[in-house]
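> Below you will find the structure I want to go over with you.
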Amino acid sequence: MDLLKILRSKIDILEEGEHIPGLSAVLLHIETASRHLLRGQENDDSTAFTDAIYRTNQAFEGSLKEAYRVFAEKSPDRKNTFEIESYFERNNIFRQRVLTQFTNYRTEWRNPSIHDYKLDFDESEAFLAIVSVTAFACLMLDQICERVAYSQTKIESQPKKKEIRSQVDNFVSGDFFQRIIEIFKEFSRQQLSFNPEEIKLSESYVAGQIMGFFASVFPEIEIEYDYKIGDIRVDFRISDGSSQILVEIKRFNKYSVIDVSQLAKYQSLTNIKLGILFQFSDTGGELRAEEMSDPLLNSKIFVLTPLPPQPIAD
């Protein structure tokens, strides 16, 4: 697995903005740390491993600063590291998987290296620090992608709000489950306008788009991302106060029995009987809805998959 390639691809998804130069600098720091590690291995230069740690520290703090820029919508330039870390902790912004990587890197590498100037690191420690900070940066970028996609989609959907609501209302009324299915269909129809350059989207980015779409056009519907119950996590829980629906999103490749079975398992564990598996594409378009019911569990799943584009008539 090429972690640097994964990190680079996550940065490439994002549109130009003030956060891009800083995130590119994070990538450069990690690449430089990797070169220091290689130098230490090839030249038997133990000081290179400590140099690698100082570069990963720069990547760690750079990730935090650019995340602060996106979430707080303020420049991090006049904020010190303590203030930025306090902001994230005070506002409970980190998802659990991000928080785990944040705590691990800060405890194992950042704090020891800045508090003890006599400390030297060996090859194994340098390697682990690079892996740790890259994992943190990747997971942090997922959250940044969600936030950026949420904000952009919320703004872009606003002028079309009445038209979109009218389209949904023309198809369904009364049935909450069918209404949510139709909302996802309309989201998919609008998706190309959110991604005109047809960039390959991540699940995190599409999740942000979905949240922004609901917040802008259907603010009365409760939508919870990364819904956690016990040891399981579901992409979305959607509710109108009386009915609940679980939603899993997956990139469309081919029909997957495993994905349907996973959602059915979540339904059984949560006792939420309605579910949607939304298989997205980068360009959106029309969706086919296929019902998968389990009469024994009294549950219902609709699988939403993209239809092939219609040929343009001459």
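Bear in mind that the values in this text are calculations on the coordinates, not laboratory data. These numbers were taken from a predicted model, which means no experiment stands behind them. Virtual Cβ from ideal backbone geometry, glycine too; neighbours counted across all protein chains shown.
> What ranking of Phe60, Phe127, Phe49 emerges when the number of other C-beta atoms within 10 Å of each C-beta is taken as an exposure proxy, fewest first?
Phe127, Phe49, Phe60
> What is the dipole size for the chain, taken about its Cα centre, with +1 at each Lys and Arg Cβ and -1 at each Asp and Glu Cβ, in debye to the nearest 20? Could you put the intermediate results ahead of the total?
Working: 37 positive and 49 negative charges, 135 e Å.
Taking the Cα centre of the chain as origin, the dipole is about 660 debye.
> Can you give the local net charge around Val206? Use residues other than it whose beta-carbon is closer than 13 angstrom to its beta-carbon, Lys and Arg +1, Asp and Glu -1.
That works out to -3.
> Report for the chain the percent antiparallel among DSSP-assigned beta bridges with both residues inside it, nearest 5. Don't skip to the answer; put the middle values down first.
Working: 19 of 31 bridges.
For the chain, the DSSP antiparallel bridge percentage is about 60.
> Can you put Ser202, Ser293 in order, fewest other beta carbons within 10 Å first? If you can, show how the numbers build up before the last one.
Working: Ser202 18, Ser293 12.
Sorted ascending by nearby Cβ count, the order is Ser293, Ser202.
> List the residue ranges in the chain for DSSP H helices whose C-alpha atoms run 15 angstrom or more along the long axis and whose Kyte-Doolittle average is 0.0 or above.
What comes out of the filter, once short or polar helices are dropped, is 3-13, 123-157, 203-217, 257-270.
> Please name which of Phe82, Tyr54, Gln262 has its Cα lying farthest along the dipole of the chain towards the positive end, using unit charges on Cβ (Lys, Arg +1; Asp, Glu -1) and the Cα centre as origin.
After comparing all options, I get Gln262.
> Also, quick follow-up: Specify whether the C-alpha gyration tensor of region 3-150 places it in the rounded, prolate or oblate class, a ≥ b ≥ c being the square roots of the eigenvalues: rounded for a/c under 1.5, otherwise prolate if a/b is larger than b/c and oblate if not.
Working: a/c = 2.08, a/b = 1.53, b/c = 1.36.
Since a/c reaches 1.5 and a/b is larger than b/c, the shape of region 3-150 is classed as prolate.
> Could you list Val303, Val257 so that the one with the fewest beta carbons within 10 Å of its beta carbon is first and the one with the most is last?
Fewest-to-most ranking of Val303, Val257: Val257, Val303.
> Mean-square fluctuation check for the chain, GNM, Cα pairs under 10 Å: which of Leu27, Leu119, Leu304 is largest?
Looking only at Leu27, Leu119, Leu304, the largest GNM fluctuation is found for Leu119.
> Okay, next question. Is it possible to state the helix-based mean residue ellipticity at 222 nm for the chain, with each DSSP H run of 4+ residues giving -39500 (n - 2.57), the sum divided by total residues, to the nearest 500 deg cm²/dmol? What is it?
-19000 deg cm²/dmol
> Once the piece of chain linking Glu73 and Glu224 is laid out straight, how much longer is it, given 0.36 nm per residue of separation minus the C-alpha distance between them? Write out the running numbers ahead of the final one.
Numbers: separation 151, 0.36 × 151 = 54.36 nm, distance 2.22 nm.
Gain in length upon complete extension: 52.1 nm.
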